[in-house]
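Report on the structure given below.
The values are calculated or read from the model by the stated rules, or taken from the named source; none is laboratory data. Just so it is clear, the model here is predicted, and its values are computed rather than measured. Here Cβ is always computed from backbone atoms with ideal geometry, including for glycine, and neighbour counts include all displayed protein chains. The accessibility values were calculated without ligands, DNA or RNA, using every heavy atom of the protein model including side chains. Shrake-Rupley method; radii C 1.70, N 1.55, O 1.52, S 1.80 Å.
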Amino acid sequence: AVNDHDPRRRPVYMYEPNNRTTDGLLKTGPGQGFVLEGAYVHNLGWDVRRALRINWAMDQMTAAAAKDGRVVVPGFELSQDMPGFTAKDIETDPDVRVRLRRLLRHDVYLAVARGAKGFQVWSLFPFRPHLTTYLEVMRAYGEVFREFTASPLNLQEPILFGERRDDVAVEVVKGPSFISAPPKEGTLAAVEGTIDVQSERWPSVRLANIAHGTERILILVNSAADPVEVRLAGIPAEARLVTVSGGDFARVDRVADGVAASLSPFAAVVLRLTR
């Protein structure tokens, strides 16, 4: 009915609760163009469980989208300070600001690597009782979204219109290969309820390998709270490889058996491959 009365036929969508499963998303899906489930991690700071929380949400959304064809648009939040990342923490230790931006950048790029095509951040209201870092969080999200939508990177073009490929392999050579919940800490608060990830595990490093025009975009995300070293196989030796974003928290080198990448905790790096 909404589409019938909208000459532009814009997508219709709704906020889906943080704990909604794939089955629930499929029940509410008909008529919607996006699947937008909350993936809030405001109760988690420098903690591997934030990556578990986002991976769980992306599992639900991508599984639903695979069946009903919707566009995956996770909902993130800007409603309260994360533990260890208040304005007072930033004032006491300037490195906290850097780590805050790295965490939020990790969250966004992890979702992109998992198939997200857009984001909503709730909300723009700055006067919440437990939010002292409103501008810091706004700037952090703004910096990474600018990489998508503005020159010189304009990563939205490959993310939205590129083709996902699987001809580059990732092997962890040092550090954890998987992430999982610490014992007895696998029940995570999810705003409208809880989710259980105690028996779940996900890869520590995610790769999005996107072909677009005459180039490839490789997005590498480390979701571990520890450094991880990986090898990338399948990249032609003659290809030109450039780190276009995230180089402050990662080192990428050519080696005899391919490409080596050393990723700091919660690092996300974007590489461009051209002929």
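Descriptive notes on the structure:
- Contact order relative to length of the chain, as percent, for alpha carbon pairs under 8 angstrom and 6 or more apart: 17
- Solvent exposure ordering (accessible area, 1.4 Å, most first) of HIS106, HIS130: HIS130, HIS106
- With the cut-off at under 13 Å, measuring from each backbone N in the range 28-64 to a point 7 Å along the Cα-to-Cβ line of THR21 picks out 60.
- Ranked order, TYR15, TYR40 - accessible area, probe 1.4 Å, largest first: TYR15, TYR40
- Within the accessible area of the chain (1.4 Å probe), percent carbon and sulfur: 51
- Between ARG231 and ASP6, the modelled labels are 5.0 nm apart [label points 7 Å from Cα along Cα→Cβ].
- Rounded if a/c under 1.5, otherwise prolate or oblate - the range 156-207, Cα gyration tensor axes: oblate
- Exposed GluC sites (Glu not before Pro) absent - longest run of the chain, DSSP non-H/G/I/E/B, at most 14 other C-beta within 10 Å: 1-184
- Modelled spin labels at GLN120 and ARG275, positioned 7 Å past Cα toward Cβ, are 4.3 nm from each other.
- Using a probe of 1.4 angstrom and keeping all protein chains present, the accessible surface of the range 66-173 works out to 52 square angstrom per residue.
- Amide hydrogen neighbours beyond the local backbone of LEU78, cut-off 5 Å, H modeled: TRP122, SER123
- A straight chain from ALA260 to VAL173 at 0.36 nm per residue would run longer than the Cα-Cα distance by 30.4 nm.
- Gaussian network model of the chain, springs between alpha carbon atoms under 10 Å - residue of VAL35, VAL170, VAL228 with greatest fluctuation: VAL170
- Computed helical MRE - 222 nm, the chain, DSSP H runs ≥ 4 contributing -39500 (n - 2.57), nearest 500: -8500 deg cm²/dmol
- Reach of LYS88 by Cα under 16 Å, taken over aspartates and glutamates that are not fewer than 8 positions away in the same chain: GLU136
- Integer Hz, Karplus 6.51/-1.76/1.60 couplings in order for the range 15-27, x for Gly and Pro: 6, 9, x, 4, 9, 6, 7, 4, 4, x, 5, 6, 5
- Ranked from largest to smallest solvent-accessible area, with a 1.4 Å probe on the protein heavy atoms, MET58, MET138 come out as MET138, MET58.
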